[in-house]
Amino acid sequence: MSEFIFWSCLVLFIIILYRNNFSKGIIIFDNILFFSAGFIYYWIIPYFYFIINKKVTHTAFIDLTQYTKNLQEENKILFLLFCYISYFLFVYVAKYTRKIVKTKSLHFGRSFLLYDIATIPFCILAFYYLFRMRSSFMGGYIVDYNIMERGPLITLSLFIFIIAIIKSKYINFYKNWQMILYWFIAFFVLTLGTRLYFLSSLVTIIAIYYTNKKSIKTNTFFIYVFLISIVFSIIGILRQKDSLTLNMISFIFLAEPLYTSYSLFSFLKFNDLPLLNLPYGIFIDFVNLIPTILFPEKLDLMKTLYISEYNYVSPMGAKNIFVSLMENFGILGSFIFISLFSFITTYLSKKMPYSYFILLGMICFSFFRDPFSVSIIKYLIQIALIAPIYYYCVIRFLKTSVKL
């Protein structure tokens, strides 16, 4: 029964994705496309690899089979129905919201000097963290993964990135010093072994370019996707000092979704799926809005305040979105959350397009593999909502002050 659901719903998924994003011969870059990418990468590929395929070709993933073997048929069916219904809900709400919402985008204007003044505090702090982490440059996974410094640096860089995107509407790349600074920081973070933030930013730039500047044909798009996947897999090999082979490239490509699925399959193995939960965890995650420099112990406090009642493992640190949804909302509550998430991201495409484009990169990666404290609190609330509102208020205040 579960296998029938997998294949029949997958066919329906392909039809919907084709009609929405590929049927015109050019690619439509929207939240549906990138939610579909995350859906395939973090839900469908792991399920196919371990449950449908049943043949683990890479020995590094054998440990994971202790959670994928002998899964209850009921849990497999509930998981598949949950995944596909969540996807179809996201698509429906996004398309319906795009039809009914009529609103003007937040207008910043051409006050470049005021943009620069508003950005200065974040630039100073970013250089402070770059200086502190200078010895880690090009370290990959050889250096300690110091989240207390890497996390704030990524957040600060995204504050710079969003003003660079707002500014890019009016000026070219080489005149946009915030954009140049952002990519310098992004490259620095890339050398520390964090590929996905760099790739998310690349998704943002590609989406902006092929939405506002020119279109891209379907076949060209898939060639780009293939080449980018190969390049970032090679980067993953090089940072681990491994030999460059086709087998290793395929391993690195699969490692991200399959290692992330530790939490997914162990959750399915050890727990009954809840129908409804109260989101205590996501409320506690709001502590993550406090800047680390002001409250360095915030992660310890979050761990103390919330201990999950469910049994699962995540040895690689990543946490599949399925686990976060079950912990906070349960099956039925998650449908409401997914609908709200689809509505908010689609609404931002009209009200704050610069925020929306940043979220496209988040939707296909961070949303599916990071805890809510990162994907929802840091990305959606802090970067996509608070950051542009901060800039808008500061710029308006400075304009008013100058007039006075």
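Any read-out appearing in this document is the output of simple, stated calculations on the displayed coordinates, not a laboratory observation. Everything numeric here is computed off the predicted structure, so don't read it as measured data. Backbone-built Cβ (ideal geometry, glycine too); neighbour counts: all protein chains shown.
A few notes on this one:
- GNM flexibility winner over the chain from ILE165, ILE249, ILE117 (Cα, springs under 10 Å): ILE117
- Cα shape, segment 33-176, gyration tensor, a/c 1.5 rule: oblate
- Amide H partners (placed H, <5 Å) of ILE216, local residues excluded: ILE27
- Note on the chain: with a GNM built from Cα contacts shorter than 10 Å, the maximum mean-square fluctuation among PHE88, PHE50, PHE131 falls on PHE131.
- With Cα atoms, 0 to 90° folded angle of helix 195-212 axis to the chain main axis: 70 degrees
- Anisotropy class of segment 158-209 from Cα gyration tensor, a/c 1.5 cut: prolate
- Over the residues of the chain, the helix contribution to mean residue ellipticity at 222 nm works out to -21000 deg cm²/dmol, using -39500 (n - 2.57) for each DSSP H run of at least 4.
- Charge sum, other residues only, whose C-beta stays under 15 Å from VAL56's C-beta, Lys/Arg counted +1 and Asp/Glu -1: +2
- By average C-beta atoms within 10 angstrom, highest first, the peptides 11-22, 219-230, 174-185: 174-185, 11-22, 219-230
- With 10 Å bins beginning at zero, the pair-distance distribution over Cα atoms of segment 156-278 amounts to 10, 29, 29, 22, 8, 1 %.
- The chain - percent relative contact order, Cα under 8 Å, separation 6 or more: 26 percent
- Segment 109-122 - phi-based ³J(HN,Hα) in whole Hz, Karplus 6.51/-1.76/1.60, Gly and Pro as x: x, 9, 7, 5, 4, 5, 4, 5, 4, 5, 7, 3, x, 6
- Shape call, segment 8-93: gyration tensor on alpha carbons, a/c limit 1.5: prolate
- Fraction in percent of alpha-carbon pairs per bin - 20 Å, the chain: 25, 60, 14, 0
- For the cross-link pairs LYS175/LYS298; LYS24/LYS319; LYS95/LYS399; LYS217/LYS350; LYS95/LYS167, the ones whose C-alpha atoms lie over 32 Å apart are LYS175/LYS298; LYS24/LYS319; LYS95/LYS399.
- For the chain, built as a Gaussian network whose Cα springs stay under 10 Å, the top-fluctuating residue of ILE51, ILE62, ILE358: ILE62
- The HN-Hα couplings worked out from phi for segment 168-183 by the Karplus form 6.51 cos²θ - 1.76 cosθ + 1.60 (θ = phi - 60°) are 5, 5, 10, 10, 6, 4, 5, 9, 9, 5, 5, 5, 5, 4, 4, 5 Hz, whole numbers, x standing for Gly and Pro.
- Converting phi to 3J(HN,Hα) with the Karplus coefficients 6.51, -1.76 and 1.60 and the offset θ = phi - 60°, segment 35-43 yields 5, 4, 4, x, 4, 5, 5, 9, 10 Hz in sequence order, with x at every glycine or proline.
- Sorted by Cβ neighbour density within 10 Å, fewest at the top, the residues ASP116, ASP272, ASP30: ASP272, ASP116, ASP30
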